[in-house]
Amino acid sequence: MNSNRALYAARLILALAFLGQAPSASAQFPPTAPPPHKPHPPTTPESIAKGKELFQGTCANCHGIDGSGANGPNIQNAAATWGPEGLYARMTSGAIGTAMPNFSFLGDDKIWQIADYVSSLGQHGAGLVLGNAQKGREVYEANGCATCHSVAGHGGDTGPDLTRIGAQRAAAMLRDELLDPGANLPLDTAGLSERTAYHAYQLYRVTLKEGRQIEGMRVNEDSFSIQLRDAQGEIHSIEKYNLETIEPVPGKSFMPSYKGKLTDAQLNDLVAYLASLEGG
């Protein structure tokens with residue numbers, strides 16, 4: 001009886017996933033690493049338009065013309081989480097255990113065009129990079145981003161490694177992170193180099209029995225202690241018997257917001273630079 005119930009529950013969960021009622025595609029079935037392939041060309045209005053035509057004939061029956069879901073799940077947010085490389089991997093490998101087929105027969109050019117269209121869903125111009133990458137690198141350096149982030153082994157390690165961020169995050173998500181980083185923490189690391197076993201650079205606040213509070217990213221925890229890294233990179237090891245409370249701090253990040261600190265042109269350039277970082 002119990003085994004029958006378990007089997008029924010598993011079938012129900014899978015059915016709900018395809019109906020778009022379970023967690024999104026990006027949350028349920030993250031893509032595997034893509035095989036060797038042609039690099040992602042720059043996104044253009046033309047590539048998005050061609051991708052839309054291809055999407056209508058190959059993907060819309062399951063995902064809906066706007067990606068909001070039909071027989072398959074809603075994929076409007078998949079591009080922001082997976083980035084171009086993740087979309088390529090999903091289309092060339094499919095998803096084992098689901099109705100998602102392998103579209104590698106389309107070839108790299110068409111797959112990238114579909115990825116460009118999917119990256120544009122849900123947000124106006126989400127797939128387009130409007131700035132100048134070289135100028136964006138100057139903005140990156142002038143604002144001290146390398147203090148916390150590294151690119152190709154150069155820079156700090158307080159924040160995530162950005163060497164392949166352009167392949168792992170869509171331009172729209174990069175812009176959101178720059179404007180409101182605390183509100184847009186990623187749900188997963190999508191292949192970003194992690195310094196810990198804990199995802200998304202979530203901040204925690206601990207209150208000691210003496211009343212003192214410490215905020216930081218949780219880097220380790222066991223039955224007797226917890227370790228937090230604060231904004232200056234210092235590690236605090238706290239014995240749990242001294243703790244009053246420990247709680248996440250929503251909407252806050254050690255990364256500053258650049259809203260109002262950068263002009264629109266500078267922001268576009270910085271996004272263009274980050275989007276160009278594909279590890280090649």
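The values are calculated or read from the model by the stated rules, or taken from the named source; none is laboratory data. Here the structure is a predicted model, which means the values were calculated and not measured. Because the Cβ atoms are built from the backbone with ideal geometry, glycine has one as well, and the counts that use them run over all protein chains shown.
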- line: In segment 60-75, anything under 22 Å from the mean Cα position of the chain (by Cα) and surrounded by 17 or more Cβ atoms within 10 Å (Cβ to Cβ) is listed as H63, G67, G69, G72, P73, N74, I75
- prompt: From the residues in segment 136-184 that are assigned to a loop (DSSP other than H, G, I, E, B) and among the small types (G, A, S), which one is surrounded by the most Cβ atoms within 10 Å (Cβ to Cβ)?
  reply: A170
message: E210 - would you say it is part of a strand (DSSP E or B), touching a strand residue (DSSP E or B) at 6+ places or on another chain (Cβ under 9 Å) and at pLDDT 90 or above?
response: no
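Within segment 51-65, does at least one residue satisfy the condition of being touching a residue at least 12 places away in the same chain (Cβ under 8 Å), within 21 Å of G107 (Cα to Cα) and of a type in the set (S, T, Y)?
yes
Restricting to segment 76-104, and then to whatever is over 19 Å from the mean Cα position of the chain (by Cα) and of a type in the set (V, I, T), can you tell me which residue is nearest to L277 (Cα to Cα)?
Residues of segment 76-104 that are over 19 Å from the mean Cα position of the chain (by Cα), as a first pass: 92-94, 96-104.
Then drop every residue that is not of a type in the set (V, I, T), which leaves 92, 96, 98.
Numbers: T92: 22, I96: 29, T98: 32 Å.
Restricting to residues being over 19 Å from the mean Cα position of the chain (by Cα) and of a type in the set (V, I, T), the top hit is T92.
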- prompt: Can you tell me how many residues in segment 213-231 are under 23 Å from A183 (Cβ atoms) and either assigned to a loop (DSSP other than H, G, I, E, B) or assigned by TED's automatic domain parsing to the domain that holds A183 (or both)?
  reply: 2
Matching residues in segment 49-67 - criterion: being among the small types (G, A, S) and under 14 Å from S120 (Cβ atoms): A49, G51, G67
- prompt: Looking only at segment 239-271, which residues are closer than 18 Å to P160 by Cα and outside any loop (DSSP other than H, G, I, E, B)?
  reply: L270, V271
task: Within segment 44-73, work out how many residues are modelled with pLDDT under 80, polar (S, T, N, Q) and under 17 Å from A95 (Cβ atoms).
output: 1
- line: Here the qualifying pairs (Cβ atoms under 6 Å; residues six or more apart or on different chains; first in segment 156-184 and over 16 Å from L277 (Cα atoms); second of a type in the set (D, E, K, R)) come out as L179/K259; G182/K252; N184/D176; N184/E177
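Yes/no per residue for (1) in contact with a Gly (Cβ under 6 Å, 6 or more places away or on another chain); (2) within 22 Å of D176 (Cα to Cα); (3) modelled with pLDDT of 85 or more:
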position	(1), (2), (3)
I75	yes, yes, no
P84	no, yes, no
M91	no, no, yes
A115	no, yes, yes
Q123	no, yes, no
A133	no, yes, yes
A142	no, yes, yes
V151	no, yes, yes
T163	yes, yes, yes
